[in-house]
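J.: Can you read through this structure? Questions will come right after.
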2 protein chains.
Amino acid sequence: MRHAISVLLQNEVGALTRMTGLFSTRGYNIDSLNVAPTNDPSVSRVTLVISGSDWAIAQLNAQLAKLVDVVNIHDMTLGPHFERELVILKLKLATGGFAGVLSLAKRFGAEILDDAQNSCTIQLTGKLGEIDAFIEEASQIGTLSAVARSGSVAVSRGEVALSTYSRDHRLTG
Amino acid sequence: MRHAISVLLQNEVGALTRMTGLFSTRGYNIDSLNVAPTNDPSVSRVTLVISGSDWAIAQLNAQLAKLVDVVNIHDMTLGPHFERELVILKLKLATGGFAGVLSLAKRFGAEILDDAQNSCTIQLTGKLGEIDAFIEEASQIGTLSAVARSGSVAVSRGEVALSTYSRDHRLTG
């Protein structure tokens, strides 16, 4: 099963490497990951997506929680949550191909960032299935020369959720 | 100086850890990073943001290019490029605070995902300065209980750019 996991990580040199190392040591490939600052300068927030049995992922999360850099872990997929992803695509177009791009952008609510001669850059933020469908349809209009995806960004739905594992008062929401 | 670097990375267990390990070994903290699949199943695309002198970052990139997992590196900040970021915020609101959220969302073109009682989830995709300003203004309306940012997603502007370092025909766009 696919799991989207939020981790609050101490903003220290090497913290991300120690965290991803725990996955690779156990033979897990991370499907997507993003890490960026929060409003607390000492803490970064990670969203990572990984596939495995619920049992195996729970074990992994328990191991992660023991890392000194990990403040808090919450497996978003265990409860109601929002997931969104940003993608920027670059398409090489044949002559006349731009009409197809306009129609695609309109249908998905995507934004055209750049339309150089025979090349076009488009941005979309959406749910998981939408992003996959958008990339698939774009690849039928032109040749994808760049596919830059943010990976899933996730927060729990509704009131602030208590974390799955925590040794700190801070919450991952 | 701030550098946004795109890396095409072999989609192998441990590749991300080997890459981030190179930064931490040299004492560099990564400001933000995202990694996700591309249209080529064997290759993932990373956008990472790091600060350092132009000379030091060029040295780091040359080291990165020697890693067996690295297909291609392009320092986007060396030329014209697009950078966008996605953020999902969760705000705790005092009674009557929702009017401020509506006004904020309208001004920034943000999307309200959820407005539970006294809590609100908002999503915005924008340029770097916009995202920072949005988070700052949101923090004045309510209490931030979650700040989930994707980190910068970057592609070069215009026609496909040749990479800074490459040992492969694939381009990072």
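J.: If you look at just the Cα atoms of chain A, how large are its Rg and its Dmax in Å?
T.: 18.7, 58
J.: Taking only Cα atoms and a 10 Å spring cutoff, compute GNM fluctuations for chain A and point out the largest among A:Val13, A:Val71, A:Val87.
T.: It is A:Val13.
J.: OK, next. If you put +1 on each Lys and Arg Cβ and -1 on each Asp and Glu Cβ, how big is the dipole of the protein assembly as shown around its Cα centre, in Debye rounded to 20?
T.: On the way: 30 positive and 34 negative charges, 70 e Å.
That gives a dipole near 340 debye.
J.: Continuing with the same structure: Per residue of B:69-82, what is the mean number of Cβ atoms on other protein chains within 10 angstrom of that residue's Cβ? Write out the running numbers ahead of the final one.
T.: Details: counts 0, 0, 0, 0, 0, 1, 0, 1, 0, 0, 0, 1, 1, 7.
Per residue, the number of nearby Cβ atoms from other chains is 1 on average.
J.: So which aspartates and glutamates pass the test for B:Lys106, namely a Cα distance under 16 Å, with those fewer than 8 places away in the same chain ruled out?
T.: List returned: B:Asp114, B:Asp115, B:Glu130, B:Glu136, B:Glu137.
J.: Rank A:Cys120, A:Thr143, A:Gly27 by how far each Cα sits towards the positive end of the charge dipole of chain A (+1 on Lys, Arg Cβ; -1 on Asp, Glu Cβ) and give me just the farthest.
T.: Final value for the positive-end residue is A:Gly27.
J.: Per residue of B:24-30, how many C-beta atoms from partner chains lie within 10 Å of its own C-beta, taken as a mean?
T.: On the way: counts 7, 3, 1, 2, 2, 7, 8.
The mean count of partner-chain Cβ atoms within 10 Å per residue comes to 4.
J.: What residues have an amide H closer than 5 Å to that of B:Asp31, excluding those fewer than 5 places away on the same chain, when H is modeled at 1.01 Å from N in the peptide plane?
T.: Amide H to amide H, under 5 Å and 5 or more residues apart or across chains, B:Asp31 pairs with B:Val49, B:Ile50, B:Ser51.
J.: Of A:Lys127/B:Lys90; A:Lys66/A:Lys127; B:Lys90/B:Lys127; A:Lys127/B:Lys127; A:Lys66/B:Lys127, which pairs sit farther than 28 Å apart, going by alpha carbon to alpha carbon? Intermediate values should be presented prior to the final figure.
T.: Numbers: A:Lys127/B:Lys90 18 Å; A:Lys66/A:Lys127 32 Å; B:Lys90/B:Lys127 20 Å; A:Lys127/B:Lys127 20 Å; A:Lys66/B:Lys127 36 Å.
The answer is A:Lys66/A:Lys127; A:Lys66/B:Lys127.
J.: Using a Gaussian network model of chain A whose springs link C-alpha atoms within less than 10 Å, name the residue from A:Thr38, A:Thr143, A:Thr25 with the highest mean-square fluctuation.
T.: Most flexible of the set in this elastic network: A:Thr25.
J.: Would you list the P(r) distribution for segment A:82-149, with all Cα-Cα distances sorted into 5 Å bins from 0 and each bin expressed as a whole %?
T.: Per 5 Å bin, starting at zero, the Cα-Cα P(r) for segment A:82-149 comes out as 4, 19, 35, 26, 11, 4, 1, 0 percent.
J.: Summarise the long-distance tail of P(r) for the protein assembly as shown by giving the % of C-alpha pairs beyond 25 Å.
T.: Numbers: 30155 of 59685 pairs.
Of the Cα pairs, 51 percent sit more than 25 Å apart.
J.: So for chain A: antiparallel DSSP bridges make up what percent, rounded to the nearest 5?
T.: Values: 46 of 46 bridges.
In chain A, approximately 100 percent of DSSP beta bridges are antiparallel ones.
J.: I'd like to know which of B:Leu60, B:Phe134, B:Pro80 lies farthest towards the positive end of the charge dipole of the protein assembly as shown, counting +1 on Cβ of Lys and Arg and -1 on Cβ of Asp and Glu.
T.: Value computed over the given set: B:Leu60.
J.: Mean-square fluctuation check for chain A, GNM, Cα pairs under 10 Å: which of A:Ala154, A:Ala65, A:Ala56 is largest?
T.: Among A:Ala154, A:Ala65, A:Ala56, the largest mean-square fluctuation in the Gaussian network model of chain A belongs to A:Ala56.
J.: Give, as a single signed number, the net charge of other residues whose beta carbon lies under 10 Å from the beta carbon of B:Ser150, with Lys and Arg counted +1 and Asp and Glu -1. It would help to have the intermediate numbers written out before the result.
T.: Values: positive: A:Arg84, A:Arg149, B:Arg84, B:Arg149; negative: A:Glu85, B:Glu85.
Combined, the nearby Lys, Arg, Asp and Glu give +2.
All of the numbers you see were taken from the coordinates with simple rules; none came from a lab. Keep in mind that what you see is a predicted model, and the values were worked out from it rather than measured. Note that we place each Cβ from the backbone using ideal geometry, even for glycine, and neighbour counts take in every protein chain shown.
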